[in-house]
Amino acid sequence: MKYDAYIFDVDGVLIDHSNSFIPSIVLAVRTILNDDNFNQEHVFEIKSFKNFNNDWDTAIAGYCWRKFHSSKKLFDYLKIINEFGSGINGVRKTSNKLTFQVEKNIIRLVKESYGGTTACKKLYGFDPVTILNKGFWNNEISMVSYEKIKPFLDKSAIFTGRNKEEMELGFEILKWRIDDKMLAVSDLPELNKPNPKKLIPLVEKLSCKNPLYIGDSEDDSQLVLNYKKNTGKPLDFCLIESSLNVQNYNFSCSSTLELINKIGKL
């Protein structure tokens, strides 16, 4: 099929975040628990379940598993979360000792880990006090150069779990950007993936008939399904292969660069 518009996720699709947000989650959980029995593979396992696109929620789930449910395998704990509604709501229902203050502390530690002494103030409005490294964001690299993406920018949009400040930093890393009206960032948690409410106007602005969404997570997959259910309109999903176990995609590519090289043949 010939696609006439493209909607990109960011982390794992346009920016390699495997050495930034992922270790930020790990370090935050290890720090608050003083427990080294949590690692990147656990993060990937949590993110393979729906409604864990948000890194703060992933960190809170990891904390609750180690703090309250460590006698269970992580997979079994995640299945229980799903039975209670999935995502952060499911986590809260499985861990009645989890408090708002603890959640706030975990989120702050993830932010400190990611932004560090070099960008935490710029990104989140405060200086780190517990984790004083330079910030894992420094490890991020662009996965798609401007030269490669340039032919598609006028028919592309971005839907990301990053907030506005994180996305501005992302554009600095990418060394290219799109018009703000074609960008949807995270501001209200209830509108984050897999809620399609922000995706619908993006597709409408692209004035397309056969759009393609490019993502790498289960929430991306659920987002596409929800969009099609809510609108009755077509939207294919290209899965960028990762360590996550993702279902329901039209086709997969090893990278966005591979997809771009194939687009002319689709």
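The values are calculated or read from the model by the stated rules, or taken from the named source; none is laboratory data. Remember, predicted model here, so these are calculated numbers, not experimental data. We place every Cβ from the backbone using ideal geometry, glycine too, and count neighbours over all the protein chains shown. Calculation scope for accessible area: heavy atoms of the full protein, side chains included, ligands and nucleic acids excluded. Shrake-Rupley method; radii C 1.70, N 1.55, O 1.52, S 1.80 Å.
Points to keep in mind about this one:
- Qualifying residues in segment 43-83 (those that are part of a helix (DSSP H, G or I) and of a type in the set (K, R)) - the one nearest to Y114 (Cα to Cα): K47
- Inspection of segment 67-76 identifies at least one residue that is acidic (D, E) and farther than 28 Å from P128 by Cα.
- Taking segment 116-160 as the range and being open to solvent by less than 40 Å² (accessible area, probe 1.4 Å), touching a residue at least 60 places away in the same chain (Cβ under 8 Å) and either assigned to a loop (DSSP other than H, G, I, E, B) or in contact with a His (Cβ under 8 Å, 6 or more places away or on another chain) (or both) as the test, the residues that pass are I131, E140, V144, T160.
- Residue among L257, L206, L244, L212 that alone is modelled with pLDDT of 95 or more and open to solvent by 10 Å² or more (accessible area, probe 1.4 Å): L206
- With respect to the conditions (1) in a loop (DSSP other than H, G, I, E, B); (2) touching a Ser or Thr at 6+ places or on another chain (Cβ under 8 Å); (3) open to solvent by less than 40 Å² (accessible area, probe 1.4 Å); (4) not charged (D, E, K, R), F38 lacks only one, and its number is (2).
- Out of F49, F38, F8, sole residue that is over 30 Å from K175 (Cα atoms) and at pLDDT 95 or above: F38
- All of F49, F75 fail the test of being open to solvent by 20 Å² or more (accessible area, probe 1.4 Å), touching a residue at least 60 places away in the same chain (Cβ under 8 Å) and in contact with a helix residue (DSSP H, G or I) (Cβ under 8 Å, 6 or more places away or on another chain), apart from F49.
- Test: E165 is within 21 Å of L33 (Cβ to Cβ) and under 20 Å from the mean Cα position of the chain (by Cα): no
- Residue in segment 1-35 that is surrounded by the most Cβ atoms within 10 Å (Cβ to Cβ), counting only those that are of a type in the set (G, A, S) and touching a residue at least 24 places away in the same chain (Cβ under 8 Å): A28
- Any hit, segment 228-236, residues being outside any strand (DSSP E or B), polar (S, T, N, Q), farther than 18 Å from G12 by Cβ and in contact (Cβ under 8 Å) with a residue 12 or more places away in the chain: yes
- Among the residues listed as I32, I22, the single one being within 18 Å of C64 (Cβ to Cβ) and part of a helix (DSSP H, G or I): I32
- Within segment 192-204, residues that are closer than 20 Å to E218 by Cα have Cβ atoms under 8 Å from residues that are open to solvent by 40 Å² or more (accessible area, probe 1.4 Å) and of a type in the set (A, V, I, L, M) in these pairs: P194/L225, counting only partners at least 6 apart in sequence or on another chain.
- Segment 84-109, subset hydroxyl-bearing (S, T, Y) and either modelled with pLDDT of 95 or more or assigned to a helix (DSSP H, G or I) (or both), residue farthest from F44 (Cα to Cα): T99
- I88 being surrounded by fewer than 24 Cβ atoms within 10 Å (Cβ to Cβ) and in contact (Cβ under 8 Å) with a residue 12 or more places away in the chain: yes
- Candidate set from segment 163-198 (those that are of a type in the set (K, R), out of contact with any strand residue (DSSP E or B) (no Cβ under 7 Å at 6 or more places or on another chain) and within 15 Å of V10 (Cβ to Cβ)); member that is surrounded by the most Cβ atoms within 10 Å (Cβ to Cβ): K193
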